[in-house]
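Bear in mind these aren't lab numbers, they're just calculated from the coordinates by the rules spelled out. Not measured: the values here are computed from a predicted model. So basically every Cβ, Gly included, is an ideal-geometry build from the backbone, and we count neighbours across all protein chains shown.
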Amino acid sequence: MVEVQTLISTDRGRQLDFHHATPTASQVWQLLELVPDPELPMVSVVDLGIVRSAELQPANIAQEPQWLVQVTPTYSGCPATDFIASEVHHTLKRAGVPNRVETVLAPAWCSSWMTPKGRAALKEAGIAPPLDNITTLACPQCDSRNVALLNQFSSTACKALYRCNNCLEPFDYFKTI
Ligand SMILES: [Zn+2]
């Protein structure tokens, strides 16, 4: 959170101030990349695959043109959903980008939407990223496949707690859904 605030208020933030200019789609995506996931702050909402689309909606008589951003929470009923929508909205608004955020529940989010950058950030933080085949699960610390399940549910429902039998460190596995 602190890092994001710092980014917005420093050079990158100044480059991304659209109070007197019209942003391009790639600039809007750059701003969205500044929004961290509340439960996995090492991963942005873009790299987690939560942001489905960002499109400029044409002006009509009643409204100024604005960006419509669609987000799909990792789990429906996830308490972070409203928080994410609000963070996305305010991050764009602070940079001078008029926008509306819409939560889309179908199709449901799936872990394959996570980007390679998002997976790398999880591993860097000691969380094993989601896998197509659980038998390939490896310890994020030492890459050993000699691991044991301790608990199907870790700190959150989307993670399971494992222990590495090689380095003996416990670690979270972000489940594939
Ligand atoms: Zn290990």
Problem set entry | Long-range HN-HN contacts of ALA128 with modeled amide H, under 5 Å | ASP172, TYR173, PHE174
Exercise. Of ALA25, ALA160, ALA106, which is the most mobile in a GNM of the chain whose springs link Cα atoms less than 10 angstrom apart?
Worked result: ALA106
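Tally the DSSP beta bridges in segment 126-174 and give the antiparallel ones as a percent, rounded to 5. Present the calculation step by step, with values, prior to reporting the outcome.
Numbers: 9 of 11 bridges.
Expressed as a percentage, antiparallel bridges in segment 126-174 total about 80.
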Seminar exercise, completed: For segment 113-129, in residue order, the Karplus 3J(HN,Hα) values (coefficients 6.51, -1.76, 1.60; θ = phi - 60°; whole Hz; Gly and Pro = x) are 6, 5, 7, x, 5, x, 5, 5, 5, 4, 4, 4, 8, x, 10, 6, x
Exercise. Which lysines have a Cα less than 28 Å from the Cα of LYS175, not counting those fewer than 8 places away in the same chain?
Worked result: LYS117, LYS123, LYS159
Problem set entry | Dipole axis of the chain (+1 Lys, Arg; -1 Asp, Glu on Cβ), positive-most option in VAL71, LEU31, SER111 | SER111
Exercise. Between VAL45 and residues 5 or more places away or on another chain, which pairs have amide H atoms under 5 Å apart, with H built 1.01 Å from N, and which residues are they?
Worked result: VAL35, ASP37
For this session: Treat the count of other C-beta atoms within 10 Å as a stand-in for reagent exposure and order GLU102, GLU39 from fewest to most.
Result: GLU102, GLU39
Seminar exercise, completed: Per GNM of the chain with C-alpha springs under 10 angstrom, the most fluctuating residue out of ARG52, ARG100, ARG145 is ARG145
Problem set entry | Antiparallel content of DSSP bridges confined to the chain, in %, to 5 | 70
Exercise. If one takes the longest principal axis of the Cα atoms in the chain, at what angle in degrees, from 0 to 90 and to the nearest 10, does the Cα axis of helix 81-94 lie?
Worked result: 40
